[in-house]
Structure formats: structure tokens, C-alpha cells
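Notes for the one structure printed next.
The values are calculated or read from the model by the stated rules, or taken from the named source; none is laboratory data. Since we're looking at a predicted model, the values are computed, not measured. Neighbour counts are summed over all protein chains in view; Cβ atoms, including those assigned to glycine, are modelled from backbone coordinates with ideal geometry.
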Amino acid sequence: MSAVIAPREGADAGEAAVVLSARGLRREFAGFVAVNDVNLDVRHARIHALIGPNGAGKTTVFNLLTKFLQPTSGTIELLGQDITRTDPARVARMGLVRSFQISAVFPHLSVLDNVRVALQRPAGLATQFWRPLRALRQLDDKAMQLIHSVGLQDACDCLAADLSYGRKRVLELATTLALEPRVLLLDEPMAGMGHEDVDIVSGLIREVARERAVLMVEHNLKVVAQLCDEVTVLQRGEILVSGDYRTVSEDPRVREAYMGTEDD
């Protein structure tokens, strides 16, 4: 883990309110402890990275926070409410929204239609199947605002399948924002991207975090250093260290976790 990357300089994380919190989070699978005693605070208008070697438990923590998995023990609070046993759909409606490693857009719909579909739930149209298709036109203005906000206005009539990989991820971010999240969880948002796309998506995430909390799993440490206010390192399902990037990158335990020891 390189310490020569210049870390992001931001406001003190202590100034911002905690919007997502986990205490004593533990998950066992048939006797195997995948996550153990994880304590995590994610703050409003801050970007928080969850990093660690492969198999460290990062995705399991994401699944626990978004309720795709139930914890064996521990508690989770969202915006001051206990969501430990709340189902994933209700958690999403409360404002905790997640993206996945694999791009999740409708390939045979246009960019505009993808965003309009995502806008149906907050607009109360998601279950009104009897409404004529033209009813969706009321969503066009909001959809175009979102499309402009992520820089896809030149592609609004293009099929999602025809976009580059990086632009598909940008479209996915737009559809995620359509759900009006208060806390946004991003699972490896830069995976498989070239340098140009990484720069574009990094800038978008920085803008998104002006109005909401962002928790991201990311393997690109240069991105983590330049983008994140807080970094939590997992190893074997437990928190190794938390702090800003400089503090974390200089911790000898983190160096060993990423690079091993001379005897390895």
C-alpha cells in the first residue's frame, strides 16, 4: 500500500452527523465467522471507503448494511432508526440505496427510459400498471436533469447497450440517484474502468457526496486517497484500522495486510 499518493484534504469528519451506524456487527456461515465485531460510522456529506485484501469481508458488510443478509448479532441504525431486522425494500425506501459490481441497467432501453423507469417509484408510479405509457412523460424533466447532472445528455436517446462500459456505470449512478438516496453504497464503482472513465466517475461521486453520505468498496487506492474523507480497513472480517488515508496508509498492520512481510 503506497504512502506516496497525496491524500484528499477535506473537512473534519467529526463535524458531520452520523447517518449510518453499525455496532458489534457479526455474521457467521455454518460456524465460519465472515464478519466479526464491526463498528462503523458513515457521516453526511462524506465519502467513506471500505477497503481490504480479497476475502476481507467487505461485500458481506455491504450485504449486512443493506439487509440482503441478516446479522448473527449486532445492530444497524439508519438516520437514527434501528434497521437491524428491517427488510431490504423498506431500507431502500428509507434512503439507503446500493449499486453493485456488475452494471445493472436495461440494455435495450434508451438512457432516458432507464432513468424514467428508476424515477417511477419515488413518483408513485411503480405499481400503477394501468396508467398509459404517456403518463411517464411527466417524469421527463426530472429525468433530463439527472441525465445532465451525470453528463449523458448527448446520449439520452441511445440504447444503454451501445454505451461504453464507463458510461454504463455513469448511467447506473443516475438511476441510483433517481431513488433519492440519503446514503449511497457503491460496490467497486471503478472496477474495469480506464483512466479517463475513472476520472469522470470520481468527479461525479465527489459531487454526489455534497448532499449525501457515500460508503464505497474500492480496490483502486489512488482513487481512495484522492476521493475519501475516511477509510476503514478490513482484514479477515474484522476492522484493522480506521482514519484518514494518510493515517491508514502509514499503519504497519495495513502494509502487512496488503503486501505481506519479508518472510512471506
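Let's see how each residue does on (1) more than 14 Å from the chain's Cα centre (by Cα); (2) surrounded by fewer than 22 Cβ atoms within 10 Å (Cβ to Cβ); (3) modelled with pLDDT of 90 or more:
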| site | (1), (2), (3) |
| --- | --- |
| TYR165 | yes, yes, no |
| LEU171 | yes, no, yes |
| LEU184 | no, no, yes |
| HIS195 | yes, yes, no |
| GLY203 | yes, yes, yes |
| ALA209 | no, yes, yes |
inquiry  = Which of the helices (runs of 4 or more DSSP H) found entirely inside segment 185-263 contain at least 1 residues meeting this: closer than 19 Å to VAL150 by Cα?
reply    = 195-208, 221-227
remark   = Restricting attention to segment 17-31, the residues that are over 13 Å from LEU79 (Cα atoms) and in contact (Cβ under 8 Å) with a residue 24 or more places away in the chain number exactly 6
ask   = Looking at (1) over 12 Å from SER99 (Cα atoms); (2) buried (at least 22 other Cβ atoms within 10 Å of the Cβ); (3) of a type in the set (S, T, N, Q), which is the one condition that is false for THR175?
value = (1)
message = Can you pull out every residue in segment 80-98 that is part of a loop (DSSP other than H, G, I, E, B) and closer than 28 Å to GLY31 by Cα?
response = ILE83, THR84, ARG85, THR86, ASP87
inquiry  = Within segment 79-94, take every residue that is loosely packed, with under 15 Cβ neighbours inside 10 Å and more than 19 Å from the chain's Cα centre (by Cα) and give me the one that is farthest from PHE68 (Cα to Cα).
reply    = GLY80
